[in-house]
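*Asks:* Can you read through this structure? Questions will come right after.
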Amino acid sequence: MKKVNIIPYYNSLLVVFSLISFILILFLRIKIMFFHTFDIGGLEHYWICSIQKILLGYNLYENPQVPPFDIIQYAPLHFYLVAFIEKITGINGYNPYDVYLTSRIVALSLNIIMLFIIAAILHKVFRVKVGLNILACVLSFVTLTPHFYSRGDCLYIVLSLGSFAFFLLFIKSVFFKNKVIFLIISCLLAVLTLFTKQSGLMIMGIYVFFLLFINKDYKFLGITIISFIVFGAIIFFSIVPNDQYYTIYQNTILGLNHGYSLFFFISIFTNRYYLDMLCFLIIGIVFSIYFLKQTTIEYKFLGVSIALSLAFGIATGFKIGASLNYLIDFYIFTFIGLAIYLSSIQSEKKIIFKIFIYLAIVIVLFFKSAELFSAVYISHYRSDEKELYDNEKQVTDYFIKDLKVDTSAHIYLADRGSLENFLIRYTVMNHKEVVELTNVRHVFDYSYFKSNANDGYVKYLIVDRKNHPDSFDIKDGSIELFGIKFTNFNMIKKIGEFSIYQYSKI
């Protein structure tokens, strides 16, 4: 009797399971988009404040050491893209909900575009069948961390994969003219990736490493480096005003100087949201070796990409503030390799490794779907905070309509929230998490704020009693927030969970 090959049946079942997971995750992503929550992941509000600054005509990058003490750590391309879309659609920069919603819609749209790029790579370059193509795309989609739900990471990964796709076409092409065209387009997209997020250096480094050590094609290496320099200079001088060169250096270079810690590296790999990815960490390492041993040049390039993206993710994992999003490139390259590997396996040899792969796929699809479902419907980690948002709007109306404050009346918020977005014209030190890190390392001088906080420079304090219950029982007439003891402030109003204090010189 002829033995039946059951491998294709396993593949088909996984594809069906992956489509169910995709539909569920997509539904939850759409639901989350309409939440009034100020942060659905990855310090989203940090990005929204930056987009608002562009919409309202403020400079995106300012000196972090002077009012309003903002630090915009990331390259500007995503900020400008979302702000442009919101301008042409008539979004008001003073309406935070509309800005949040548009940013999330743009992010989800870019996530879908990412899937089409992955599908094109697998179909056009590696000739992978539709079913396994779908599996790789769904795995990539469900693995995206919340950083990709609204932040610039969503544009970063699209540009990075687009550049990766054209570099593969460059490798695969046999005609010199086509190779040059594909390489130049790839370099342009890589530079745009860098101007979206500084992690774009990784994809550029992969190209240089591959051409220098694997392909050893120094002519195309020269074209690549020259393209990086030319495109980088053109884009930089096109989008950065000539009086902000040092300011953008302060923000995007010095502003990232958080220091390094073994704790953050360990926390990535012990985080409960990461544990379901551990199997693919092993699979990715195996695939990098497997593809590097192949004779086909595009397979070798994929092997290099998997290995170097993992090395980059591990290296940046030591940075204070590191998170899971640094490893997304590695996992997407691994999923591409997975589809290629499974499409080439038609027998039941190495059955133990195949079972391990199938188990890893089921774990990721199940747990990523369950995690997001739980976050929305059970734990309410990302539940809609409409009531809180309404209270924040009431606080805003009190300042603008009742107190009639002007922009010289600086407001310090004890807690992050949509109030930063509502009162963006008045608030100082919005990006407190970043400020705290740079303050500890003495990257910037905040003496002006500390010395003037109690001399009328800060006119109002807004404190959320949920996070600062002791501030409602002040015995010595002072409030200590952000390491600064605020004195000479009297409570003037309570709105919902918020207490408002006004400076009163004794």
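The values are calculated or read from the model by the stated rules, or taken from the named source; none is laboratory data. Because the structure is predicted, anything quoted here is derived from the model rather than measured. Cβ placement follows ideal geometry from the backbone for every residue including glycine, while neighbour counts extend to all protein chains displayed. Accessible surface is based on the protein model in full, side chains and every heavy atom, while ligands, DNA and RNA are left aside. Shrake-Rupley method; radii C 1.70, N 1.55, O 1.52, S 1.80 Å.
*Asks:* If residue 411 meets every condition in (1) modelled with pLDDT of 80 or more; (2) surrounded by fewer than 17 Cβ atoms within 10 Å (Cβ to Cβ); (3) under 23 Å from residue 36 (Cβ atoms) apart from one, which number is that one?
*Replies:* (2)
*Asks:* Next question. So which residues in segment 94-136 are among the basic types (Lys, Arg) and more than 23 Å from residue 159 (Cβ to Cβ)?
*Replies:* Correct list: 127, 129.
*Asks:* Counting only residues that are hydroxyl-bearing (Ser, Thr, Tyr), closer than 26 Å to residue 173 by Cβ and open to solvent by 60 Å² or more (accessible area, probe 1.4 Å), how many does segment 208-263 have?
*Replies:* Number satisfying all stated conditions: 1.
*Asks:* Can you name the helices (runs of 4 or more DSSP H) wholly within segment 22-139 that have at least 2 residues being at positive phi?
*Replies:* none
*Asks:* May I pose another question? If you scan segment 174-199, which residues turn out to be of a type outside the set (A, V, I, L, M), surrounded by fewer than 23 Cβ atoms within 10 Å (Cβ to Cβ) and without any contact (Cβ under 8 Å) to a residue 40 or more places away in the chain?
*Replies:* 175, 176, 177, 178, 182
*Asks:* Quick one: would you say residue 380 is more than 23 Å from residue 460 (Cα to Cα) and either surrounded by 19 or more Cβ atoms within 10 Å (Cβ to Cβ) or not small (Gly, Ala, Ser) (or both)?
*Replies:* Taking the combined requirement at face value, the residue satisfies it.
*Asks:* Given (1) modelled with pLDDT of 95 or more; (2) surrounded by fewer than 20 Cβ atoms within 10 Å (Cβ to Cβ), where does residue 66 come up short, assuming only one miss?
*Replies:* Going through the list (1) modelled with pLDDT of 95 or more; (2) surrounded by fewer than 20 Cβ atoms within 10 Å (Cβ to Cβ), residue 66 breaks only (1).
*Asks:* While we're looking at this one, here's another question. So the check is Cβ under 8 Å with 6+ separation or different chains; which pairs have a first residue in segment 26-43 that's over 13 Å from residue 386 (Cα atoms) and a second one that's buried (at least 19 other Cβ atoms within 10 Å of the Cβ) and small (Gly, Ala, Ser)?
*Replies:* Pairs that qualify, where the first residue is over 13 Å from residue 386 (Cα atoms) and the partner is buried (at least 19 other Cβ atoms within 10 Å of the Cβ) and small (Gly, Ala, Ser), are 40/150; 41/150; 42/150; 42/323.
*Asks:* I've got another one for you. Cβ-Cβ distance below 9 Å, separation of 6 or more or different chains: which pairs start in segment 371-389 with a residue that is within 14 Å of residue 40 (Cβ to Cβ) and end on one that is assigned to a loop (DSSP other than H, G, I, E, B) and open to solvent by 90 Å² or more (accessible area, probe 1.4 Å)?
*Replies:* Going by the 9 Å Cβ cut-off, the qualifying pairs are 371/272; 375/381; 384/34.
*Asks:* Within segment 289-330, work out how many residues are polar (S, T, N, Q) and over 25 Å from the mean Cα position of the chain (by Cα).
*Replies:* Qualifying residue count for the region: 3.
Conditions (1) touching a residue at least 24 places away in the same chain (Cβ under 8 Å); (2) open to solvent by less than 60 Å² (accessible area, probe 1.4 Å); (3) over 23 Å from residue 136 (Cα atoms); (4) not acidic (Asp, Glu), marked per residue:
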site: 84; (1), (2), (3), (4): no, no, yes, yes
site: 94; (1), (2), (3), (4): yes, no, yes, yes
site: 97; (1), (2), (3), (4): yes, yes, yes, yes
site: 100; (1), (2), (3), (4): yes, yes, yes, yes
site: 108; (1), (2), (3), (4): yes, yes, no, yes
site: 113; (1), (2), (3), (4): yes, no, no, yes
site: 117; (1), (2), (3), (4): yes, yes, no, yes
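*Asks:* Still on this structure, please answer the following. Among the numbered criteria (1) touching a residue at least 60 places away in the same chain (Cβ under 8 Å); (2) surrounded by 15 or more Cβ atoms within 10 Å (Cβ to Cβ); (3) under 27 Å from the mean Cα position of the chain (by Cα), which single criterion is violated by residue 432?
*Replies:* Among (1) touching a residue at least 60 places away in the same chain (Cβ under 8 Å); (2) surrounded by 15 or more Cβ atoms within 10 Å (Cβ to Cβ); (3) under 27 Å from the mean Cα position of the chain (by Cα), residue 432 violates only (1).
*Asks:* Report, by residue number, each residue of segment 69-82 that is more than 13 Å from residue 438 (Cβ to Cβ), open to solvent by less than 50 Å² (accessible area, probe 1.4 Å) and not hydrophobic (A, V, I, L, M, F, W, C).
*Replies:* Once the filter is applied, which keeps residues that are more than 13 Å from residue 438 (Cβ to Cβ), open to solvent by less than 50 Å² (accessible area, probe 1.4 Å) and not hydrophobic (A, V, I, L, M, F, W, C), segment 69-82 yields 74, 76, 78.
*Asks:* Select the helices (runs of 4 or more DSSP H) contained entirely in segment 276-372, then report the ones holding at least 1 residues which are surrounded by fewer than 16 Cβ atoms within 10 Å (Cβ to Cβ), out of contact with any Asp or Glu (no Cβ under 8 Å at 6 or more places or on another chain) and modelled with pLDDT of 90 or more.
*Replies:* 278-292, 297-316
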